[in-house]
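Structure record follows, encoded as structure tokens.
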Amino acid sequence: MAHVRRDLDPSASPLDYYGYELRRRRDSAGLTLGELGSIIFCTGSLVGQIECAQKVPTREFSERVDAALGTEGFFSGLVGLVLQSQLPSWFQPYAAMEAKATYLSTFQAQLVYGLLQTPDYARAVLSVRTDGDLEGRLAARLERQRILDREDPPLLWVVLSEAVLHQEIGGPEVMRAQLQHLLDLREREWVQVQVLPYSAGAHTGLMGSFNLLRFNRDPDIIYTEDFVQGHMTANPQAVKEGSLRYDQLQAAALSVEDSTALIARVMEEHYGPQPGPDRRAVA
């Protein structure tokens with residue numbers, strides 16, 4: 001369906017400001033929608049939809065636009081704000097604190113933690129409850145993961161219930177790639193993954209998933225979610241209780257090495273043979 005050209009109020013939202021500036025700077029460069037699209041390897045229709053704030057730009061799109069229009073990183077710098085604005089409004093304060101944290105620890109009862117999700121796994125998760133622009137929400141989630149690629153990334157410690165490995169999200173191929181991604185994280189010394197096995201029985205995470213965030217200067221925070229929205233608190237008693245529960249979960253979980261072996265075993269036994277003739281199975 002063709003986009004509808006309309007005048008945007010650049011102060012309405014980061015997405016509107018992005019679209020307004022893209023149109024203004026494209027016009028200044030004397031390029032049509034199709035011409036700019038050809039330069040940055042997309043359709044003119046997509047450019048038009050982004051200019052009308054009907055589609056959310058990705059970081060890759062923004063980098064190509066900067067190169068094509070000579071805008072010296074303007075759109076690459078703006079896209080982070082645009083993508084953050086696509087997160088649910090109740091989640092945005094947490095995402096801002098997550099990006100500032102120096103130490104992140106999380107217990108996940110049902111899903112792989114968002115910062116460690118592959119694009120296909122994340123798309124499958126988001127498609128269950130996302131209205132509107134699924135690809136925009138996906139781009140926003142992947143943008144969050146950029147904190148792990150910083151020069152000074154946060155230390156991330158993850159405890160996953162064994163159920164996470166068996167909950168098939170997106171089909172066998174998606175799950176296999178997701179579990180392989182967890183195994184590949186061994187190359188990042190600042191990311192540690194443990195699995196809480198079924199054999200642990202009753203444990204302190206039975207109340208559900210939660211995250212603990214620590215900072216250089218700000219108070220520690222504990223974050224939980226219900227089926228409606230998230231809850232973030234720096235209440236010292238709540239943080240103390242959450243920290244104690246997390247310590248107990250870490251103690252009950254398999255070691256990082258044994259967790260790696262279990263992830264590899266579940267991947268091989270439940271999600272089919274490893275694709276490709278030159279990929280060696282993980283022992």
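The values are calculated or read from the model by the stated rules, or taken from the named source; none is laboratory data. Computed from a predicted structure; not experimentally measured. So basically every Cβ, Gly included, is an ideal-geometry build from the backbone, and we count neighbours across all protein chains shown.
Scanning segment 112-157 for residues that are outside any helix (DSSP H, G or I) and either surrounded by fewer than 18 Cβ atoms within 10 Å (Cβ to Cβ) or of a type in the set (Lys, Arg) (or both) yields a total of 11. Residues in segment 91-111 that are part of a loop (DSSP other than H, G, I, E, B) and either among the aliphatic types (A, V, I, L, M) or in contact with an Asp or Glu (Cβ under 6 Å, 6 or more places away or on another chain) (or both): 3 in all. Residue pairs whose Cβ atoms lie under 7 Å apart, sitting 6 or more positions apart in sequence or on different chains, and linking a residue in segment 24-38 that is more than 17 Å from residue 63 (Cβ to Cβ) and assigned by TED's automatic domain parsing to the domain that holds residue 65 to a partner that is surrounded by 18 or more Cβ atoms within 10 Å (Cβ to Cβ) and not acidic (Asp, Glu), are 33/47; 33/48. Touching a Cys at 6+ places or on another chain (Cβ under 9 Å) and either among the charged types (D, E, K, R) or at positive phi (or both): does that describe residue 129? No, not satisfied. Kindly check whether there is at least one residue in segment 169-191 that is under 19 Å from residue 244 (Cα atoms), modelled with pLDDT of 90 or more and assigned to a strand (DSSP E or B). No, every residue in segment 169-191 fails to be under 19 Å from residue 244 (Cα atoms), modelled with pLDDT of 90 or more and assigned to a strand (DSSP E or B). Among the residues of segment 202-231, those identified as surrounded by 17 or more Cβ atoms within 10 Å (Cβ to Cβ), modelled with pLDDT of 90 or more and not β-branched (Val, Ile, Thr) are 209, 210, 211, 212, 213, 214, 220, 223. Going by the structure shown, is residue 19 modelled with pLDDT of 95 or more, part of a loop (DSSP other than H, G, I, E, B) and not assigned by TED's automatic domain parsing to the domain that holds residue 134? No, not satisfied. When each of 82, 65 is tested for being surrounded by 18 or more Cβ atoms within 10 Å (Cβ to Cβ), at pLDDT below 95 and of a type outside the set (Phe, Trp, Tyr), the lone residue that passes is 82.
If you filter segment 160-198 down to residues that are among the aliphatic types (A, V, I, L, M) and more than 12 Å from residue 112 (Cβ to Cβ), you find that the one that is nearest to the chain's Cα centre (by Cα) is 191. Within segment 73-90, being in contact with a helix residue (DSSP H, G or I) (Cβ under 6 Å, 6 or more places away or on another chain), polar (S, T, N, Q) and outside any helix (DSSP H, G or I) holds for one residue alone: 86. Residue 80 falls short on exactly one of the conditions (1) of a type outside the set (D, E, K, R); (2) more than 22 Å from residue 231 (Cβ to Cβ); (3) in contact (Cβ under 8 Å) with a residue 12 or more places away in the chain; (4) assigned by TED's automatic domain parsing to the domain that holds residue 185, and that condition is (4). Restricting 227, 215 to those that are more than 23 Å from residue 257 (Cβ to Cβ) and touching a helix residue (DSSP H, G or I) at 6+ places or on another chain (Cβ under 8 Å) reduces the list to 215.
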